[in-house]
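> Input: one structure, supplied below.
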Amino acid sequence: MSQTLLWRSLRLCMAAAALASAGGVLAQSLPAPVEAALARAQIPRESVSFYVAPVEGRKPVRMAWQAATPMNPASVMKLVTTYAALEQLGPTYVWRTPVYLDGVVDKGAFRGTVYIKGAGDPKLVSERLWLMLGRLQGMGVKVIVGDIVIDRTAFQVNGHDPAAFDGEPFRPYNAGPDALLVNYKTQVLGFIPDLAAGVARIHYELPMGQLQSPASVLLAPQGTACGDWRTQLQADWSDPQRIQLGGRYPASCGDKNWPVALPDPHSFALKAVEGMWRNMGGQITGSVRDGVVPPGLKPAWENQSPALAEVVRDINKFSNNVMTQQVLLTMGKERLGSGSFEAGRTALSQWWQMRWPVADMPVVENGAGLSRSARISAQALGRMLQAAWASSVMPEFVSSMPISGMDGTLRRSKASANAHLKTGSLRDTNALGGYVLGNSGQRYVLVAMVNHANAGAARPVMDALVDWVAQD
């Protein structure tokens with residue numbers, strides 16, 4: 001062989017080694033435990049994508065299988081949205097919901113109009129709504145002689161159909177975003193059996209105005225198994241002004257909670273504000289309605305949200321879809337001046353291109369992964385996780401992920417490894433992404449995606465992969 005050919009061969013070998021070291025997608029065989037788990041789940045190898053590498057990007061990739069193929073990551077896409085938000089907005093970012101008083105306080109009454117301007121706060125839960133309205137009562141106001149007006153112009157999200165994704169409009173995971181998002185647009189019904197009275201008392205987490213709600217439901221005959229207790233209640237959600245429960249509740253269930261996204265989601269905030277005000281002993285002569293804050297009116301006070309770092313923790317620990325969408329819309333509003341999904345996606349894309357100009361662009365749609373069209377490659381997500389490990393927001397980002405076998409969506413995981421991982425699942429998708437600590441002390445990024453009709457049976461595959469990574 002001539003020296004020229006020898007040098008060319010050497011350069012090809014060096015290029016291949018550099019590719020592997022930089023996170024290239026050289027084909028590898030799958031670990032035996034993972035192969036076996038895939039066979040048991042009847043999932044072909046062609047339907048999976050894996051990427052495992054040390055958190056230090058300069059070290060060689062440990063395993064890559066179809067890692068450059070874009071796949072649907074389901075809720076693992078939340079890692080992209082939340083990391084982008086932590087970097088672009090900062091972990092201490094807060095949402096401020098201003099309250100305006102256009103009128104005067106006179107002997108226990110406020111005569112005028114109260115305006116609440118939604119700012120996209122993802123965590124305006126019932127107790128924080130109570131605190132916000134409590135400020136008005138702290139001024140001595142017992143009755144509002146006028147209206148409460150809700151201004152939701154900060155976001156442009158009209159037309160959300162909660163049934164569009166999978167025909168389940170009353171499931172909380174399908175709730176849509178809102179500039180004034182109250183309690184995640186979810187009512188929680190708590191059932192408490194009262195054997196002596198023969199009924200289950202119903203506690204409602206959020207007082208709701210203009211909504212008839214039963215105080216109790218009859219108990220099922222003694223000895224009735226808990227089983228599918230929701231179906232036994234025979235709920236009818238067709239009337240947006242009334243909660244109807246035509247069945248019975250099994251006492252054997254004990255105390256249970258049922259989160260429900262009620263019909264007519266656009267009116268949820270209006271009903272919640274009115275219900276909370278009246279529940280606090282307040283009165284109102286007018287109505288709670290939509291409107292716009294008049295120009296030049298100064299806020300009387302602002303209701304401040306928890307910091308973004310806490311919001312991100314709730315999103316990733318419990319895979320909250322609507323909170324993630326609120327964050328994506330906020331990025332659009334803060335970075336491009338428009339609280340729309342298009343602006344949010346553009347802001348995220350600009351951030352991605354600045355950070356990884358040669359990596360495949362993720363398709364995020366709504367940022368939450370509740371999508372059939374969302375796509376990202378395991379390699380691209382893995383490299384993002386490597387970058388996140390070296391970033392200033394690493395502690396907030398990593399601690400937001402569920403701990404394997406301990407909390408969040410991983411509390412029932414059978415993997416024995418020490419890991420922080422985000423889960424994701426849809427009808428034909430099962431995914432996992434995050435960090436695994438190896439027995440050697442080396443920490444790895446791990447991304448695994450299954451896109452197949454049998455994806456629902458892939459959890460043992462994921463557990464086997466996590467344990468294999470840990471046993472380094």
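> Take the residues in region 78-104 that are out of contact with any helix residue (DSSP H, G or I) (no Cβ under 9 Å at 6 or more places or on another chain) and open to solvent by 20 Å² or more (accessible area, probe 1.4 Å); name whichever of them is farthest from THR346 (Cα to Cα). Quick ask: steps written out before the conclusion?
Filtering region 78-104 for residues out of contact with any helix residue (DSSP H, G or I) (no Cβ under 9 Å at 6 or more places or on another chain) gives 96, 98, 100, 102-104.
Filter once more, so that each one left must be open to solvent by 20 Å² or more (accessible area, probe 1.4 Å): 96, 100, 102-104.
Numbers: ARG96: 24, TYR100: 32, ASP102: 37, GLY103: 41, VAL104: 43 Å.
Checking each candidate, the answer is VAL104.
> For residues in region 315-362 being open to solvent by less than 70 Å² (accessible area, probe 1.4 Å) and among the β-branched types (Val, Ile, Thr), which is farthest from the chain's Cα centre (by Cα)?
THR346
> Tell me the residue from ALA154, ALA164 that is part of a loop (DSSP other than H, G, I, E, B), touching a helix residue (DSSP H, G or I) at 6+ places or on another chain (Cβ under 7 Å) and small (Gly, Ala, Ser), please.
Unique residue meeting the criteria: ALA154.
> Note down all Cβ pairs under 7 Å where the first residue falls in region 296-318 and is closer than 19 Å to LEU181 by Cα and touching a residue at least 12 places away in the same chain (Cβ under 8 Å), the second is open to solvent by 60 Å² or more (accessible area, probe 1.4 Å) and in a strand (DSSP E or B), and they're at least six residues apart or on different chains.
GLU302/ARG96; GLN304/ARG96
> Among the residues of region 246-259, which ones are in contact (Cβ under 8 Å) with a residue 40 or more places away in the chain, closer than 21 Å to GLU168 by Cβ and surrounded by 14 or more Cβ atoms within 10 Å (Cβ to Cβ)? Steps first, please.
Going residue by residue through region 246-259, those that are in contact (Cβ under 8 Å) with a residue 40 or more places away in the chain are 249, 251, 253-259.
Still in the running and closer than 21 Å to GLU168 by Cβ: 256-259.
Passing the criteria: LYS256, TRP258, PRO259.
> Report, by residue number, each residue of region 429-459 that is open to solvent by less than 10 Å² (accessible area, probe 1.4 Å) and part of a helix (DSSP H, G or I).
ALA455
> Condition (residue is within 19 Å of SER425 (Cα to Cα), open to solvent by less than 20 Å² (accessible area, probe 1.4 Å) and touching a helix residue (DSSP H, G or I) at 6+ places or on another chain (Cβ under 8 Å)) applied to region 52-66: is it met by at least one residue? Spell out how you get there, then give the answer.
Within region 52-66, the first condition is being within 19 Å of SER425 (Cα to Cα), and the residues that meet it are none.
No, region 52-66 contains no residue that is within 19 Å of SER425 (Cα to Cα), open to solvent by less than 20 Å² (accessible area, probe 1.4 Å) and touching a helix residue (DSSP H, G or I) at 6+ places or on another chain (Cβ under 8 Å).
> Something else about it: Look through region 371-417, keep the residues that are at pLDDT below 95 and among the hydrophobic types (A, V, I, L, M, F, W, C), and return whichever of them is most open to solvent (accessible area, probe 1.4 Å).
Filtering first and then ranking leaves MET406.
> Output the residues belonging to region 107-121 that are within 23 Å of the chain's Cα centre (by Cα) and modelled with pLDDT under 95.
Those that are within 23 Å of the chain's Cα centre (by Cα) and modelled with pLDDT under 95: none in region 107-121.
> If you don't mind, another one. For region 122-151, which positions are open to solvent by 30 Å² or more (accessible area, probe 1.4 Å) and not in a helix (DSSP H, G or I)?
Matches in region 122-151: LYS123, MET139, GLY140, LYS142, VAL143, VAL145, ASP147.
> Within region 369-396, can you find the residues that are within 19 Å of ALA448 (Cβ to Cβ) and in contact with a helix residue (DSSP H, G or I) (Cβ under 6 Å, 6 or more places away or on another chain)?
Scanning region 369-396 gives GLY369, ALA374, ALA388.
> Please specify each residue of region 152-187 satisfying the condition of being in contact (Cβ under 8 Å) with a residue 24 or more places away in the chain, open to solvent by 60 Å² or more (accessible area, probe 1.4 Å) and touching a Gly at 6+ places or on another chain (Cβ under 9 Å).
Within region 152-187, THR153, GLN156, HIS160 meet the criteria.
> Go through region 260-294 and give me each residue that's more than 14 Å from ALA175 (Cβ to Cβ) and of a type in the set (D, E, K, R).
Taking region 260-294 first, the residues more than 14 Å from ALA175 (Cβ to Cβ) are 270-271, 273-294.
Those that are more than 14 Å from ALA175 (Cβ to Cβ) and of a type in the set (D, E, K, R): LYS271, GLU274, ARG278, ARG289, ASP290.
> Which residue pairs have Cβ atoms under 7 Å apart, sit 6 or more places apart or on different chains, and have a first residue in region 124-149 that is touching a residue at least 40 places away in the same chain (Cβ under 8 Å) and a second that is part of a helix (DSSP H, G or I) and surrounded by 15 or more Cβ atoms within 10 Å (Cβ to Cβ)?
If the second residue must be part of a helix (DSSP H, G or I) and surrounded by 15 or more Cβ atoms within 10 Å (Cβ to Cβ), the pairs left are VAL125/ASN183; SER126/ASN183; LEU129/ALA272; LEU129/MET276; TRP130/MET276; LEU133/MET276; LEU133/TRP277; ILE148/VAL273.
The values are calculated or read from the model by the stated rules, or taken from the named source; none is laboratory data. Just so it is clear, the structure is predicted and the values come from calculations on it, not from any experiment. With ideal geometry, Cβ positions are generated from the backbone for all residues, glycine too; neighbour counts draw on all protein chains shown. Remember, those area values only see protein heavy atoms, side chains included, never the ligands or the DNA or RNA. Shrake-Rupley method; radii C 1.70, N 1.55, O 1.52, S 1.80 Å.
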